1. For segment 101-144, state the average projected area of the convex hull of the C-alpha atoms over all orientations, rounded to one decimal in nm².
2. Taking K and R as +1 and D and E as -1, what net charge do the other residues with C-beta under 11 Å from the C-beta of HIS107 add up to?
3. Given all pairs of different Cα atoms, what value in angstroms does the Kirkwood hydrodynamic radius of segment 70-228 take?
4. What is the gain in length, in nm to one decimal, between GLN78 and LYS153 on full extension, counting 0.36 nm per residue of separation less the C-alpha to C-alpha distance?
5. With the cut-off at 13 Å, report for segment 294-341 the share of all Cα pairs above it, as a whole percent.
6. About the Cα centre of segment 95-215, what is the dipole size in debye to 20, counting +1 per Lys and Arg Cβ and -1 per Asp and Glu Cβ, all else neutral?
7. May I have the pair-distance distribution P(r) for segment 144-202, computed from all Cα-Cα distances with 10 Å bins from 0 and rounded to whole percent?
8. Could you please tell me the mean projected area of the C-alpha convex hull for segment 248-354, averaged over all directions and given in square nanometres to one decimal?
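Every read-out reported here was derived from the displayed coordinates using simple, explicitly stated rules and does not represent laboratory data. Quick caveat, the model's predicted, so the values are computed rather than measured. No Cβ is skipped: glycine too gets one built from the backbone with ideal geometry, and neighbour counts run over all protein chains shown.
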Amino acid sequence: MLFNLRILLNNAALRYGHSLVVRNFRCGQPLQNKVQLKGRDLLTLKDFTGEDIKYMLWLSADLKFRIKQKGEYLPLLQGKSLGMIFEKRSTRTRLSTETGFALLGGHPCFLTTQDIHLGVNESLTDTARVLSSMTDAVLARVYKQSDLDILAKEASIPIINGLSDLYHPIQILADYLTLQEHYGSLKGLTLSWIGDGNNILHSIMMSAAKFGMHLQAATPKGYEPDPSVTKLAEQYAKENGTKLSLTNDPLEAARGGNVLITDTWISMGQEEEKKKRLQAFQGYQVTMKTAKVAASDWTFLHCLPRKPEEVDDEVFYSPRSLVFPEAENRKWTIMAVMVSLLTDYSPQLQKPKF
């Protein structure tokens, strides 16, 4: 049965030009789903077990296969609406969420800072209660994690973190789905982070060890990850028998790594620090010199948008770069998040072997 499923997957993938992804995708035996995420908030991956996160990735793969490969129409969110609060602009987060929610039959409503001023014209408490009465869930892309915490406390519907100063969980789900598709499994991979100790790194630190992945992170002095996040990540590494290494040497972090990862050095709201940051991050550009010390099967991830000083063209546009499948997977993973938080749907695809 598993052999026939793989033939079906490959035949479907060839029609859409995705043979590489499906060829490496390994499935385990069908398992009864014991994970229940309906009604929960997604503020940070530290609130979710490894099995919870694996379920969301399994559901992502299921939706991608059924909708993209098989061409099925799955109106799982028909009659539901989503409030989308964007204090920070975005290409991938907005497109993936709007098109994904609509593809599932729901109605997304986009709210900019011109439409809603969190805690300014109306208190966060009142905003949360109003949105709870009119929508089924809220995705908020905000400056402060504390705003999300208040929204979640006061709302009676699921609140999804679309990005905050501390975490970016929905990006990491897309990263993991991309690596699962490419390598066939996540366990044992070594992730090499080279860049800022920011929300992306924090989200990796809150989840990588739960899959049995090792993490080697290099950040400039003064730009290390949050100490409280580091302390918890060290605990996760100890519990799961994985390695966590924090350094200021980019080549040390890259050595033996399967996945080279970086991100913008200057996030929205940090524009005044640009000159200072560019000086601090000298030597942190990911190049083929960096890749020479990585594992022979190295790949590259960047959540975009990308600047040349962060990674050169030779790496960014190389066959080893997974940045564009990574960007597409933002759609399938956010769809899975919304389906898991709002419905009782269970995946039909066999559970991947993580």
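1. With the hull built on Cα positions only, its mean projection is 3.6 nm².
2. -1
3. The answer is 17.3 Å.
4. 24.4 nm
5. Details: 707 of 1128 pairs.
That tail contains 63 percent of the Cα-Cα pairs.
6. That gives a dipole near 360 debye.
7. 20, 39, 28, 14, 0
8. 9.3 nm²
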